[in-house]
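Here is the structure we will look at, set down as structure tokens.
The values are calculated or read from the model by the stated rules, or taken from the named source; none is laboratory data. Everything numeric in this text was worked out from a predicted model, so none of it was measured. Neighbour counts are summed over all protein chains in view; Cβ atoms, including those assigned to glycine, are modelled from backbone coordinates with ideal geometry.
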Amino acid sequence: MWGPGVCLPITNCGFCSGGPQCFVCGCNGVTYRSIQEACVAGVRAVNGSGVCATVGPRGISCGRDDQCGREGERCCALTGKCFATSEPWRCESQPDGSVLDCRQSSECPSCAWAIQAELRGHTKGSLLQLTGGLGLGLATANMVRSDAGLDASLARPAQPWLTGDLGARLLLGPFFIGVSVGGAPLQQQWLGSLNLGVIAFGG
């Protein structure tokens with residue numbers, strides 16, 4: 001159920017700077033102050049799982065089935081969270097190592113980051129201009145935060161990121177306000193933005 005693992009020295013099991021966001025629930029059902037503390041004790045834990053038997057944005061943290069408060073739930077060793085046995089896919093490892101424990105984005109407290117270079121252009125105009133751009137870089141939409149929202153770990157490696165957008169901007173002297181809509185076809189995502197800025201070099 002856990003899948004393949006890699007042996008590491010007990011002094012190299014992860015890092016967390018300290019505080020409530022570092023608490024993890026061990027597979028023995030005991031809460032540890034950090035992933036390092038659980039590792040030194042020889043106990044498997046999921047980084048960012050939180051205090052055992054407490055409810056967070058991603059569900060109930062657990063190390064054992066008896067810490068899941070509702071009937072028909074079990075503790076998933078892959079996520080450190082309780083899941084309904086009627087939804088076994090919430091505790092199944094995907095080929096890339098991730099776990100799809102949600103049906104829609106609103107169920108998952110995740111965020112996205114991207115690093116990209118852009119080529120942008122706009123039409124002429126002293127008040128209103130049409131804008132467009134193309135971007136290419138790396139991105140991921142699978143950064144899962146801990147219940148405290150302060151610690152994070154990547155669920156998947158970065159992927160190629162290609163974007164395109166069209167919009168308009170209103171010129172107010174040296175300042176502008178603009179809106180744009182576009183998409184990232186490789187990630188099958190829609191994008192939208194609201195922009196405020198200063199025109200430093202011409203119009």
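Within the range 108-130, is there a residue that is at pLDDT 80 or above and closer than 27 Å to C22 by Cα?
no
Enumerate the pairs (first residue in the range 114-133 and of a type in the set (D, E, K, R); second residue anywhere and surrounded by 11 or more Cβ atoms within 10 Å (Cβ to Cβ) and at pLDDT below 85) with beta-carbon separation below 8 Å, excluding pairs fewer than 6 apart on the same chain, so at least 6 apart or on different chains.
These pairs meet every condition: K124/G203.
Could you say which residue among L154, L166 is at pLDDT below 90 and either loosely packed, with under 11 Cβ neighbours inside 10 Å or out of contact with any His (no Cβ under 7 Å at 6 or more places or on another chain) (or both)?
On the way: L166 fails: at pLDDT below 90.
Only one candidate passes the filter, namely L154.
Can you tell me which residue is surrounded by the fewest Cβ atoms within 10 Å (Cβ to Cβ) among those in the range 26-56 that are in a strand (DSSP E or B) and hydrophobic (A, V, I, L, M, F, W, C)? Full working, then the answer.
Residues of the range 26-56 in a strand (DSSP E or B): 26, 31-32, 45, 55-56.
Applying the additional criterion that residues be hydrophobic (A, V, I, L, M, F, W, C) yields 45, 55.
Details: A45: 26, V55: 13.
Per the criteria, the residue is V55.
Looking at the range 57-80, which of its residues are buried (at least 18 other Cβ atoms within 10 Å of the Cβ) and in a strand (DSSP E or B)?
Scanning the range 57-80 gives G59, I60, S61, E73, C75, C76.
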